[in-house]
Amino acid sequence: MRQGTHGLGLGEKLGSYPIAGVGGGLAQMARRGGAVLYVVMIVCLAAITPPAAFAKGAVMTVVVVILFGLMLAWRRMSARLGLRRCYLYTDGLVVTNLFGGVRDAVAWSEVTELNRLSGASVFMTFHRVEISRHGRRPLAFLALGLEPPLVNALLSQLAKNGIR
């Protein structure tokens, strides 16, 4: 059964943001690699023009459109069900797992520092966030994208609470 994030005593909810793990980063890389491969194949079909080139290009385009639609449906469904989310509150944050249950909750008073690593390439763009805490294992997750809104919101909340 999925737990809610409301009864954790972390104050007022400020926002809900998507996060990812290693699998999400690899999926982003595979999706972008597939898009590049699709463009290369369409250019080759146009330049070489083998028999039934139009049919082959149409089938490839239909497959890509279906995969893109499935990706959009997964994004919408996972956001609605609260899967792999980071909820920011005035007094802390809550991270959910792949099934929507609470993976970890951190109060700002427990946080000692925030370590952030950014990577940007054609195939993968991410921010890895690691929150160190007093006497507990660090909490780490990925925020995908070049400028994810989670990173700015997290940094502003940390600054408000006097954490570097």
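Read-outs: derived from the displayed coordinates by stated rules, not from any lab. Since we're looking at a predicted model, the values are computed, not measured. Note that we place each Cβ from the backbone using ideal geometry, even for glycine, and neighbour counts take in every protein chain shown.
Quick notes
- In degrees, nearest ten, helix 22-48 long axis to first principal axis of the chain (Cα): 20 degrees
- Our coupling estimate for the stretch 97-108, obtained by passing each phi through the Karplus curve with A = 6.51, B = -1.76, C = 1.60 and θ = phi - 60°, is 9, 5, 9, x, x, 6, 7, 6, 10, 10, 8, 4 Hz, Gly and Pro reported as x.
- Placing +1 on the Cβ of every Lys and Arg and -1 on the Cβ of every Asp and Glu, with nothing else charged, gives the chain a dipole about its Cα centre of roughly 260 debye.
- Folded to 0 to 90 degrees: helix 53-81 orientation relative to the chain principal axis, Cα: 10 degrees
- When the chain is treated as a Gaussian network with alpha carbon springs shorter than 10 Å, the biggest mean-square fluctuation among 101, 119, 82 belongs to 119.
- Excluding exposed DSSP-loop chymotrypsin sites (Phe, Trp or Tyr not before Pro) (at most 14 other C-beta within 10 Å), longest clean stretch of the chain: 1-98
- In nm, spacing of pseudo-spin labels at residue 156 and residue 62 (7 Å Cα→C-beta vector): 4.7 nm
- Zero-based 5 Å bins, Cα pair distances in the stretch 8-130, whole percents: 2, 9, 14, 16, 15, 12, 9, 7, 6, 4, 3, 2, 1, 0
- Normalising the average separation of contacting C-alpha pairs (under 8 angstrom, six or more residues apart) by the number of residues puts the relative contact order of the chain at 26 percent.
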